[in-house]
1. May I ask you to list the residues in the stretch 250-275 that are open to solvent by 60 Å² or more (accessible area, probe 1.4 Å) and part of a loop (DSSP other than H, G, I, E, B)?
2. What are the residues in the stretch 198-231 that are near the ligand (Cβ under 9 Å from one of its atoms), open to solvent by less than 30 Å² (accessible area, probe 1.4 Å) and in a loop (DSSP other than H, G, I, E, B), if any?
3. Which of (1) more than 29 Å from F36 (Cα to Cα); (2) open to solvent by 40 Å² or more (accessible area, probe 1.4 Å) is the odd one out, the single condition S188 does not satisfy?
4. Of the residues that sit in the stretch 143-184 and are more than 20 Å from G39 (Cα to Cα) and open to solvent by less than 50 Å² (accessible area, probe 1.4 Å), which one is modelled with the lowest pLDDT?
5. Being near the ligand (Cβ under 10 Å from one of its atoms), polar (S, T, N, Q) and surrounded by fewer than 20 Cβ atoms within 10 Å (Cβ to Cβ) is the filter here, so list the residues in the stretch 232-242 that pass it.
6. Here are some residues: L88, L58. Which one is within 23 Å of the chain's Cα centre (by Cα), in a helix (DSSP H, G or I) and farther than 27 Å from R7 by Cα?
Amino acid sequence: MNALLQRNRPPLAALVLLVLAAIAFVVGGVDHARLFHRGYAQVEVVGPLFLLNALGTLVVVLLLLDRRIRLFLGGVLSISLGSIVSILISHSSSFFGFAEGGYDTDATLILAAEIASVVLVLAAVAAGALRQTAPVSDTGPAAHRPGPLQLGLGVAVVLVLGLPIAGVATGRAPKNDPTPTGAQLAASKAAIKNGNAMVQEGKHLFEAHHCDTCHAIAATGAKGILGPRMDAQSDTAEEIGINITKPRVDIAEGFGAKLMPTDYASKMNGTQIKHLSAFIRAASTTGRKDGGTG
Ligand code: HEC
């Protein structure tokens, strides 16, 4: 444990590589924080991991500034490798049931930054990052007092990562349709409340299948923003059904092209899809009102 906590004073070449690794690592952390606030906060399991990645990055980089090189190396390797593996899995199949692929530029940026951080950290080890050029005293008050450079860099790191973690300057959430007006909301609530058994069953399915993590319906309190609002659909119930079972056929403009899961057709039977569509049709206060809402 003591060896792990040990402060190191590595040779200059290793130090330069460590700093470059830290910069690449911060790029990945910042992008995770931005994505978290741009909708991923709504996604179960995966969402909180985005925030944890950014928080972990902040802590690990501060450890480097405190010369805890071993902890920094371990932190970069575990966080970056964990994230790289998750991205690769989520893009090939489905990560915790969550098929990803919408933010291709972000995923590519994160992947590149994290691979760079791993490579640079390994290069730093090869360049002697764990060697000691001069003893670092771990005792006495001087050991715990950071110099002005360390302090300045520490503040910079806290700002660069802290602001996006706090949700400042994270960029816009995916484009979403305007929230319904008061009258539309009242109409939507009434249509759901007075809807037939299909509508009621569809309301239940919408929650049971976690559609609400990505889609908003003001009348039921669903708040997802990764996908279009489900109370502003102008499609017929039949078209909505096709969108649920074959989401890649028609991609709603302004939203991630591969975010909507593709396996609902295998998770629900045709009747259930009809119920779900009837519910969405009833909740929608815009467009046509046909397709079995009763
Ligand atoms: C992980 C996020 C996510 C989940 C979960 C999700 N969707 Fe989606 N959905 C999206 C995104 C993003 C789009 C827009 C891109 C597209 O058309 O594929 C979309 C599109 C749609 C559309 C077409 C909307 C339009 O304006 O064309 C419908 C209908 C829909 N989803 C219904 C559902 C239903 C019902 C469920 C649950 C059974 C569900 N979605 C679950 C992300 C999600």
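The values are calculated or read from the model by the stated rules, or taken from the named source; none is laboratory data. What you see is a predicted model; the values in this text were computed from it and never measured. With ideal geometry, Cβ positions are generated from the backbone for all residues, glycine too; neighbour counts draw on all protein chains shown. Calculation scope for accessible area: heavy atoms of the full protein, side chains included, ligands and nucleic acids excluded. Shrake-Rupley method; radii C 1.70, N 1.55, O 1.52, S 1.80 Å.
1. D250, I251, E253, K258, T262, N269
2. Within the stretch 198-231, C214, H215, G224, L226, G227, P228, R229, M230 qualify.
3. (2)
4. The residue in question is A143.
5. S234
6. L88
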